[in-house]
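Okay, so here's the structure we're looking at.
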Amino acid sequence: MTFKSALQGFRSLMYRSGRIYNFLSNKIYNVRRKYLSISKLIGKNKHILDLACGTGFLTRFLHPSNIYEGWDINRRFLTKLKKDWMRGKSKMKYISVKQKNILDFHNYAKEKVDVIVLCDILHHINPSHFTLVENAQIHARKVIVCEPIAVKPKDIKAYTRFIRIFLKIGKFFPEKLYKLIDFLFLDNDGVNTYKKRLTWNHNNKSIKSLYKKMGFEKIFEIKDNYIGVWDSNN
Ligand SMILES: C[S@@+](CC[C@H](N)C(=O)[O-])C[C@H]1O[C@@H](n2cnc3c(N)ncnc32)[C@H](O)[C@@H]1O
């Protein structure tokens, strides 16, 4: 085994602990506003497939009448999602989680679900986001996407002061140092390389035109993030 291959599959601290992931996400983005908006767009009595669901924070904001299915490659996150549900953090009546690679398209059921949610995943799998969205549009009646505009420290506005200070300092870090911090502590999910993830570099105009290119007709801005909705009925 080479040193390089030993590093493949290594997850940062953030992706080793669902608690740390939730804590940091809450500090970086206005998570409440983001998930409440997605939940409102979903509504009631729907079958939802949340692809790359992570710790399933979205479930805390969904109407209990919905049926929720979450897929992610990170087993620890899925375990946290289930535990949180059993502790009553989500009021949903039915939740199922599966450890799957969302890019294995033969894994998808033939029957369409009502809604596929793709939240904070496109920038991880760049440039496979086009095929992922195309596949989602085949398997759902509605697709909701939510992505940050950009992921480099200099481009993130951040929701809390503590993170804003870190990012202000981080802007001056040499690329190699930031790469190391990302690898050990931040957005390294153990599957997608830094090179892939950090090429997600948009502004308000370019992210909107990307969404339009992928077929999302309705687009909303939520500070650092954009939500897009594709509906097969339109
Ligand atoms: C930034 S997190 C987003 C999690 C969640 N959607 C949210 O809103 O908090 C990205 C997630 O994508 C998962 N992931 C990355 N590539 C994946 C793949 N190919 N298949 C399944 N999950 C993947 C990671 O394990 C991680 O949980």
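The values are calculated or read from the model by the stated rules, or taken from the named source; none is laboratory data. Quick caveat, the model's predicted, so the values are computed rather than measured. Please note: Cβ atoms are built from the backbone with ideal geometry, for glycine as well, and neighbour counts cover all protein chains shown. Keep in mind that these areas ignore ligands, DNA and RNA; they rest on the heavy atoms of the full protein, side chains included. Shrake-Rupley method; radii C 1.70, N 1.55, O 1.52, S 1.80 Å.
Within the stretch 63-83, residues that are in contact (Cβ under 8 Å) with a residue 12 or more places away in the chain and within 14 Å of ALA140 (Cβ to Cβ) reach partners that are in a loop (DSSP other than H, G, I, E, B) and more than 12 Å from the ligand (Cβ to nearest atom) with beta carbons closer than 6 Å, at six or more positions or on different chains, in the pairs ASN66/LYS46; TYR68/MET92.
Looking across the stretch 94-111, the residues that are crowded, with 16+ Cβ neighbours inside 10 Å and more than 10 Å from the ligand (Cβ to nearest atom) come down to ILE95, VAL97, TYR108. Have a look at GLY170, GLY215 and point out the one that is on the phi > 0 side of the Ramachandran plot and open to solvent by less than 40 Å² (accessible area, probe 1.4 Å). Testing whether each residue is on the phi > 0 side of the Ramachandran plot and open to solvent by less than 40 Å² (accessible area, probe 1.4 Å) leaves just GLY215. Mind checking whether some residue in the stretch 68-86 is assigned to a helix (DSSP H, G or I), touching a helix residue (DSSP H, G or I) at 6+ places or on another chain (Cβ under 7 Å) and among the polar types (S, T, N, Q)? Within the stretch 68-86, none of the residues are assigned to a helix (DSSP H, G or I), touching a helix residue (DSSP H, G or I) at 6+ places or on another chain (Cβ under 7 Å) and among the polar types (S, T, N, Q). Residues in the stretch 143-150 include none that are surrounded by 14 or more Cβ atoms within 10 Å (Cβ to Cβ), away from the ligand (no atom under 16 Å from the Cβ) and either modelled with pLDDT of 85 or more or not basic (Lys, Arg) (or both). All conditions but one from (1) of a type in the set (D, E, K, R); (2) closer than 30 Å to LYS154 by Cα; (3) at pLDDT below 95 apply to LYS110; the one that does not is (2). The number of residues in the stretch 181-208 being farther than 18 Å from ILE28 by Cβ, without any contact (Cβ under 8 Å) to a residue 12 or more places away in the chain and either polar (S, T, N, Q) or surrounded by 14 or more Cβ atoms within 10 Å (Cβ to Cβ) (or both) comes to 2.
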